[in-house]
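Remarks on the structure that follows.
The values are calculated or read from the model by the stated rules, or taken from the named source; none is laboratory data. Just so it is clear, the structure is predicted and the values come from calculations on it, not from any experiment. Here the Cβ positions follow ideal geometry from the backbone for every residue, glycine too, while neighbour counts run over all protein chains shown.
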Amino acid sequence: MATSNVASGKRSSMGRVAFASGVGTALEFYDFAIYGTATALVFTNTFFQTDDAWFSTFMGLATFGIGFLMGPIGAVLFGWIGDRYGRRRALMLTFMGMGAATVLMGLLPTYAQIGLAAPILLVILRLVHGLTGGGEIGGAAVLAIEHAPTEKRARYGVFAALGAPVGTILANLAFALVLLAPAESVQSWVWRLPFLFGGIVLLIGLWLRRGVAESPVFREMMREKKSVLQKQAPLSQVFRSNWRRVLLAAGVSIGINSIAFVLSIYMLSYATAPAPEGLGLPRQPIVVGSIVALLLHAVANVVSAFLSDRVGRRPVMIGGAVASIGGALFIFHLAAHGTVASVNAALAIGFVATGLLFGPLYTYFTELFPPEQRQTGLGIAFQAGAVLGGGVAPVIANRIVAITGDASHIGYYLAGLLLVSLVCLIVLPETAPARTRARSLDSPSPVTSVD
């Protein structure tokens, strides 16, 4: 039984660990994606009603970004729990919080029903989701990688990365089905169904995670230094001993988050909004094109993760960063042709390039930090980049088009942030066992008590 497995400290099957890791990040990105998609298609009328269509869209995208502000706080809070009391305990808490916030969004009354209270409640739920989601990514990646065989870390760590395309694909599929309903029904109640579907994902995820044992690395630390470990302050330790790696890893995270969320969130708004704000294209074929592009992104994730186990993390990720810079400079010129085919081709190119960078990312960040500060270090680095990158990128893209009237300038903005990621990767060290004899992932650095 699952509970006896956990209690006895046995290793869980790697298949279950991988799926349990991926289901949480899938729910996180599913919620981000359905919120962003609902903002582009529905929320401007149901929650953010103004006389200015552009400003309504801007407000929706701004509240999307607000959720990211809680990410670093969640990384600190749940990183503290994960590094002191266990990865599994932290993950159960983050997953329940994300799932509850998603379902409650689907039950919210609209602006027409309760007025200003509607967007206020929506923002509160975005903050809850951002807080719990901020602890999810680090915990999920660390749990999977600490269970994995040394030579296969990235191919198991990629399951956490695959949560992003899988969650976004599920969100796009949900809204593709929603858009089959009459427009009036979509605006009145059908938009709620993708949010309520998050409740099903929540139940499946809880069942999977209940059957996963604590990571062997953490169990070993608890056996050796339990009393000392539970007095440590992971945040203080990570900034005292590894602040340079935190900052450089955050720099890597900025670029990938920026282009990923512009592609998955802003591009839909830009492609379907009427001129001059957008291209005025039909929604359904763009959503379908996004699904195809995300499938290609998932394939690129897996290929790059497997490759990084053989040749190293940095060569693969540096190649992905260079490809992403080239893609960023090209895709909005291509999309500006104003056809469904040009937009969908731009999405495919952008997502494949970013997949090469994203596949090994969580494994690489995990290997940068010692076990007793790993969940905190990974979480803060990724979430800081997510705030400065993904959280504001759709809003900035919206403003760039509003000010210049030319979407190609978005590409220059994204290329600049990806250049930051490239420079940080060049400075950071290699960590893959295939390329280095550095300390084992399982070997903690000395743990000091912090009163």
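Conditions: (1) surrounded by 20 or more Cβ atoms within 10 Å (Cβ to Cβ); (2) without any contact (Cβ under 8 Å) to a residue 60 or more places away in the chain; (3) not acidic (Asp, Glu). Ala271 meets all but one. Number of the miss?
Among (1) surrounded by 20 or more Cβ atoms within 10 Å (Cβ to Cβ); (2) without any contact (Cβ under 8 Å) to a residue 60 or more places away in the chain; (3) not acidic (Asp, Glu), Ala271 violates only (2).
Going by what's in this entry, would Leu329 be described as under 16 Å from Ala397 (Cα atoms), hydrophobic (A, V, I, L, M, F, W, C) and surrounded by fewer than 21 Cβ atoms within 10 Å (Cβ to Cβ)?
Details: under 16 Å from Ala397 (Cα atoms): yes; hydrophobic (A, V, I, L, M, F, W, C): yes; surrounded by fewer than 21 Cβ atoms within 10 Å (Cβ to Cβ): yes.
Taking the combined requirement at face value, the residue satisfies it.
If a residue has to be outside any helix (DSSP H, G or I) and within 16 Å of the chain's Cα centre (by Cα) to count, how many in the stretch 367-406 make the cut?
Kept after step one, since they are outside any helix (DSSP H, G or I), are these residues of the stretch 367-406: 368-370, 392, 405-406.
The next check asks that each one be within 16 Å of the chain's Cα centre (by Cα); those that pass are 392.
Final tally of qualifying residues: 1.
Within the stretch 291-305, can you find the residues that are surrounded by fewer than 24 Cβ atoms within 10 Å (Cβ to Cβ) and either touching a Lys or Arg at 6+ places or on another chain (Cβ under 9 Å) or among the β-branched types (Val, Ile, Thr) (or both)? Walk me through how you get there before you give the answer.
First, pick out the residues of the stretch 291-305 that are surrounded by fewer than 24 Cβ atoms within 10 Å (Cβ to Cβ): 291-292, 295-296, 298-300, 302-303.
Result: Ile291, Val292, Val299, Val302, Val303.
Is it the case, given these coordinates, that Gly139 is surrounded by 24 or more Cβ atoms within 10 Å (Cβ to Cβ) and either outside any helix (DSSP H, G or I) or modelled with pLDDT under 90 (or both)? Don't jump to the end; show me each part of the working.
Values: surrounded by 24 or more Cβ atoms within 10 Å (Cβ to Cβ): yes; either outside any helix (DSSP H, G or I) or modelled with pLDDT under 90 (or both): yes.
Considered against the rule, which asks whether it is surrounded by 24 or more Cβ atoms within 10 Å (Cβ to Cβ) and either outside any helix (DSSP H, G or I) or modelled with pLDDT under 90 (or both), Gly139 comes out as yes.
If I go through the stretch 237-268 residue by residue, how many of them are touching a residue at least 40 places away in the same chain (Cβ under 8 Å) and either in a loop (DSSP other than H, G, I, E, B) or of a type in the set (Phe, Trp, Tyr) (or both)?
Residues meeting the conditions: 2.
When Met105 is evaluated against the numbered criteria (1) over 16 Å from the mean Cα position of the chain (by Cα); (2) over 28 Å from Phe43 (Cα atoms); (3) buried (at least 22 other Cβ atoms within 10 Å of the Cβ), which criterion, by number, is the only one it fails?
So Met105 meets the others, but not (2).
Just checking, which of Gly106, Gly130 is modelled with pLDDT under 90 and not aliphatic (A, V, I, L, M)? Break it down into steps so the answer makes sense when it comes.
On the way: Gly106 fails: modelled with pLDDT under 90.
Of the residues listed, the single one that is modelled with pLDDT under 90 and not aliphatic (A, V, I, L, M) is Gly130.
Would you point out which residue out of Phe68, Phe43, Phe95, Phe29 is crowded, with 24+ Cβ neighbours inside 10 Å, under 29 Å from Ala298 (Cβ atoms), modelled with pLDDT of 65 or more and in contact with a Ser or Thr (Cβ under 7 Å, 6 or more places away or on another chain)? Outline the logic, then answer.
Numbers: Phe68 fails: in contact with a Ser or Thr (Cβ under 7 Å, 6 or more places away or on another chain); Phe43 fails: in contact with a Ser or Thr (Cβ under 7 Å, 6 or more places away or on another chain); Phe95 fails: in contact with a Ser or Thr (Cβ under 7 Å, 6 or more places away or on another chain).
Exactly one of Phe68, Phe43, Phe95, Phe29 is crowded, with 24+ Cβ neighbours inside 10 Å, under 29 Å from Ala298 (Cβ atoms), modelled with pLDDT of 65 or more and in contact with a Ser or Thr (Cβ under 7 Å, 6 or more places away or on another chain), namely Phe29.
Only residues that are crowded, with 19+ Cβ neighbours inside 10 Å and either without any contact (Cβ under 8 Å) to a residue 24 or more places away in the chain or among the aliphatic types (A, V, I, L, M) (or both): list them for the stretch 279-290, please. Let's see the steps before the verdict.
We begin by selecting, within the stretch 279-290, every residue crowded, with 19+ Cβ neighbours inside 10 Å; these are 279, 281, 286-287, 289-290.
The answer is Leu279, Leu281, Ile286, Val287.
Only one residue in Leu414, Leu422, Leu428 is in contact with a Ser or Thr (Cβ under 6 Å, 6 or more places away or on another chain) and at pLDDT 95 or above, so which one is that? Outline the logic, then answer.
Numbers: Leu422 fails: in contact with a Ser or Thr (Cβ under 6 Å, 6 or more places away or on another chain); Leu428 fails: in contact with a Ser or Thr (Cβ under 6 Å, 6 or more places away or on another chain).
Exactly one of Leu414, Leu422, Leu428 is in contact with a Ser or Thr (Cβ under 6 Å, 6 or more places away or on another chain) and at pLDDT 95 or above, namely Leu414.
Just checking, does the stretch 204-211 include any residue being among the hydrophobic types (A, V, I, L, M, F, W, C) and crowded, with 22+ Cβ neighbours inside 10 Å? Step through it out loud before you land on a result.
Step one: of the stretch 204-211, the residues among the hydrophobic types (A, V, I, L, M, F, W, C) are 204, 206-208.
Narrowing further to those that are crowded, with 22+ Cβ neighbours inside 10 Å: none.
No, the stretch 204-211 has no match at all.
Could you grab me the full set of residues in the stretch 1-19 that are touching a Leu at 6+ places or on another chain (Cβ under 8 Å) and at pLDDT below 80? Outline the logic, then answer.
Restricting attention to the stretch 1-19, the residues satisfying the condition of being touching a Leu at 6+ places or on another chain (Cβ under 8 Å) are 16-17, 19.
Hits for the stretch 1-19 are Arg16, Phe19.
Looking at the stretch 169-203 only, could you name the residues that are at pLDDT 85 or above, among the aromatic types (Phe, Trp, Tyr) and buried (at least 22 other Cβ atoms within 10 Å of the Cβ)?
Trp191, Phe195
How many residues, within the stretch 104-121, are in a helix (DSSP H, G or I) and either free of Cβ contacts under 8 Å to residues at least 60 places away in the same chain or in contact with a Leu (Cβ under 6 Å, 6 or more places away or on another chain) (or both)?
Here is the first cut: in the stretch 104-121, the ones in a helix (DSSP H, G or I) are 104-107, 111-114, 117-121.
Subset that is either free of Cβ contacts under 8 Å to residues at least 60 places away in the same chain or in contact with a Leu (Cβ under 6 Å, 6 or more places away or on another chain) (or both): 104-106, 113-114, 117, 120-121.
Count: 8.
Here are some conditions: (1) over 30 Å from Pro234 (Cβ atoms); (2) under 22 Å from the mean Cα position of the chain (by Cα); (3) not aliphatic (A, V, I, L, M). Cys424 meets all but one. Which one does it not meet?
Result: Cys424 passes all but (1).
Scan Thr150, Thr168, Thr110 and give me the residue that is within 30 Å of Phe306 (Cβ to Cβ) and either of a type in the set (Lys, Arg) or more than 24 Å from the chain's Cα centre (by Cα) (or both). Working first, answer last.
Numbers: Thr168 fails: either of a type in the set (Lys, Arg) or more than 24 Å from the chain's Cα centre (by Cα) (or both); Thr110 fails: within 30 Å of Phe306 (Cβ to Cβ).
Criteria check complete, one pass: Thr150.
Restricted to the stretch 71-92, and to residues that are buried (at least 24 other Cβ atoms within 10 Å of the Cβ) and hydrophobic (A, V, I, L, M, F, W, C), which residue is modelled with the lowest pLDDT?
Leu91
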